[in-house]
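Here's the structure we're looking at; comments come further down.
The values are calculated or read from the model by the stated rules, or taken from the named source; none is laboratory data. Keep in mind it's a predicted model, so treat the numbers as computed, not measured. Positions of Cβ are backbone-derived with ideal geometry, glycine not excepted, and every protein chain shown enters the neighbour counts. The area values use the complete protein model at the heavy-atom level, side chains included, leaving out ligands, DNA and RNA. Shrake-Rupley method; radii C 1.70, N 1.55, O 1.52, S 1.80 Å.
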Amino acid sequence: MNVIATDLAPAAIGPYSQAIVANGLLFASGQIPVDPATGAIPEGIAAQAEQACRNCGALLAAAGLDFSKVIKTTCFLADIADFAAFNEVYAKYFVSKPARSCVAVRDIPKGCRCEIEILARVDA
């Protein structure tokens, strides 16, 4: 296993790694919309989705990858009513249309409105 860590994505807020590479795959922990430089969380679902996607991109880049290598995402929304607005932002980043699950959950850490978890291919 290879631990992936970058200052360009939020630091882990618990006993876990930002991402792990194992067996040709990148397993990234869920990315909430925290600006890694300031610790701030933007207002509104569109701005939060943008920041969460940028954080995913930073983890991919730290592993030498880009969004085209993502094969599966799991997306968590604090309110399913944000689904359409979230999708508008998500579609700009995940243009290869990886497999995806998107669910509404009761709470997301730090009161965020979205979180994105990615699984990416490293060896191809």
Potential lengthening between Ile71 and Thr38 on full extension [0.36 nm per residue; Cα-Cα distance subtracted]: 8.9 nm
Go ahead and set up a Gaussian network model of the chain, Cα springs under 10 Å, then flag whichever of Ala104, Ala28, Ala81 fluctuates most. Ala81
Full-extension gain in nm, Lys110 to Ser17, via 0.36 nm per residue minus C-alpha separation: 31.7 nm
10 Å beta-carbon shell around Ile45, net charge (K/R +1, D/E -1): -4
Give me the distance between the Cα centres of the stretch 41-71 and the stretch 1-16, rounded to whole Å. 14
Work through the residues other than Ala78 whose Cβ is under 10 Å from its Cβ and net out their charges, Lys, Arg +1 and Asp, Glu -1. -2
With Cα atoms, 0 to 90° folded angle of helix 83-93 axis to the chain main axis: 30
Please report the carbon-and-sulfur percent of the accessible area for the chain; probe 1.4 Å, protein heavy atoms only, DNA, RNA and ligands left out. 56
So how far apart, in nm, are the two label points at Val3 and Ala61 if each is 7 Å from Cα heading toward Cβ? 2.2
